[in-house]
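K.L.:
Before I ask anything, let me first share the structure, which is written out below as structure tokens.
What follows is calculated from the coordinates using simple rules that are stated; it is not laboratory data. All of these numbers come straight from a predicted model, not from anything done at the bench. In this analysis, Cβ positions are derived from the backbone assuming ideal geometry, glycine residues included, and neighbour counts consider all displayed protein chains.
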């Protein structure tokens with residue numbers, strides 16, 4: 001009888017020990033889990049700091065860049081690594097992507113940066129600006145004087161010189177504004193366009209002193225580089241975007257139709273005397289003159305800018321959708337740098 005009681009006690013003791021071992025193992029597992037979670041959290045925080053350090057490094061490089069470019073880098077530290085991808089050019093914006101890594105933890109920071117730019121205006125000129133009878137949806141600006149008569153405007157009028165308005169209610173006038181840097185046209189700019197897309201076949205008419213686009217079929221989201229001896233005359237063609245035309249000479253549109261987020265860039269002047277212009281961005285190193293045409297779009301002119309609306313037409317200055325085009329002639333201003341968005345991802 002005593003032996004049976006001793007056996008039962010031994011079994012009970014073993015059972016209790018097993019329970020205690022299970023409980024103890026659970027506590028050990030929980031402790032190890034807590035330690036792992038703590039380590040992961042610590043690594044995640046450190047990875048976040050590294051990613052942000054990469055962004056700040058990129059910002060420092062962009063502040064020194066005349067074109068808003070940086071090739072990125074990978075840098076190792078005792079705690080971990082950050083990798084900054086080459087800064088992505090999205091027209092007026094620059095995208096910085098930085099990833100921090102500590103052990104198995106990674107964090108990514110994506111920042112959109114921009115700079116002061118005339119592309120933020122529906123119309124901007126380096127010289128004098130003269131607008132008449134237009135609906136102006138946005139801001140207009142000039143490094144000299146602005147004269148606006150008739151029509152409507154929803155934004156501000158910013159001019160380094162004087163502002164003259166007749167028959168228009170301008171909500172905000174800012175005479176004496178600081179001048180703005182305009183798009184640069186360099187040999188590098190020309191090379192980028194020449195190498196980016198198609199080279200147009202041009203017919204040079206020596207008797208008339210004009211150049212004609214011989215093989216045009218359509219823009220079809222392409223970049224066309226047009227190098228001419230004489231001004232390029234576009235008369236009755238239909239240029240439907242999206243797409244870009246870069247011309248080394250004057251561009252004259254006389255009866256042409258240009259639409260759907262097309263961009264026309266001239267190293268000299270752009271003149272529109274007739275035709276249908278809808279959702280088009282004009283960029284010229286020199287002057288831009290638009291008259292006797294159905295017009296809707298935006299303009300950046302290095303020289304004087306004039307848009308005169310015909311009577312009883314709803315001609316309009318309005319912003320386009322194609323300002324993310326990475327081939328827009330650069331106007332990066334290092335000391336006018338600002339952050340638009342800052343997002344973190346695990």
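K.L.:
Applying 1/(1 + (r/R0)^6) with R0 = 30 Å to the Cβ-Cβ distance of residue 49 and residue 184, what FRET efficiency is obtained, to the nearest 0.05?
P.N.:
Numbers: r = 37 Å, r/R0 = 1.23.
It comes to 0.25.
K.L.:
Of (i) 64, 23, 19; (ii) 55, 29, 15; (iii) 32, 28, 18, which is the value of semi-axes √(5λ) of the Cα gyration tensor in Å derived from the coordinates here?
P.N.:
(i)
K.L.:
Listing 102, 333 from the residue with the fewest other Cβ atoms within 10 Å to the one with the most, what is the order? Provide the component values of the computation, followed by the final result.
P.N.:
Working: 102 23, 333 14.
Result, fewest neighbours first: 333, 102.
K.L.:
P(r) for the range 215-268: what percent of alpha-carbon pairs falls in each 5 Å bin, starting at zero?
P.N.:
5, 20, 32, 30, 11, 1
K.L.:
Can you give me the distance in nm between label points at residue 144 and residue 156, each placed 7 Å from the Cα along the Cα-to-Cβ direction?
P.N.:
Roughly 2.3 nm, to one decimal.
K.L.:
Test of understanding: ordering 225, 345 by Cβ neighbours within 10 Å, fewest first, what list do you get?
P.N.:
Values: 225 20, 345 11.
Starting with the residue having the fewest Cβ neighbours, the order is 345, 225.
K.L.:
Given points 7 Å out from each Cα along the Cα-Cβ axis, report the residue 90 to residue 346 separation in nanometres with one decimal.
P.N.:
2.5 nm
K.L.:
Distance from the Cα centre of the range 40-57 to that of the range 58-78, in angstrom?
P.N.:
17 Å
K.L.:
Could I ask something else about it? Between the range 268-346 and the range 182-221, how many Å separate their Cα centres?
P.N.:
Between the Cα centres of the range 268-346 and the range 182-221 lies a distance of 19 Å.
K.L.:
Of all DSSP beta bridges located in the chain, what percent are antiparallel, nearest 5? Working shown, then result.
P.N.:
Values: 33 of 111 bridges.
Once the DSSP bridges in the chain are tallied, antiparallel ones form about 30 percent.
K.L.:
How would 185, 236, 282 line up from fewest to most surrounding beta-carbon atoms within 10 angstrom? Each step should come with its number before you reach the end.
P.N.:
On the way: 185 21, 236 9, 282 26.
Lowest to highest Cβ neighbour count: 236, 185, 282.
K.L.:
With n ≥ 4 as the cut-off for DSSP H runs, can you work out [θ] at 222 nm for the chain, using -39500 (n - 2.57) per run divided by the number of residues, rounded to the nearest 500?
P.N.:
Numbers: 2 runs with 73 residues, N = 346.
After summing the helix terms and dividing by the residues of the chain, the value is -7500 deg cm²/dmol.
K.L.:
Which FRET efficiency, nearest 0.05, do residue 174 and residue 64 yield, Cβ-Cβ r, R0 30 Å? Write down the numbers at each step before the final one.
P.N.:
Numbers: r = 30 Å, r/R0 = 0.99.
The formula returns an efficiency of 0.50 here.
K.L.:
Be a star and scan the range 112-143 for residues whose amide nitrogen sits under 14 Å from the point 7 Å along the Cα-to-Cβ vector of residue 339.
P.N.:
112-114
K.L.:
Moving on to the next point. Under a plain spin-label model, where a point goes 7 Å from the Cα along Cα-to-Cβ, how far apart in nm are residue 112 and residue 292?
P.N.:
If labels sit at residue 112 and residue 292, their model points lie 4.2 nm apart.
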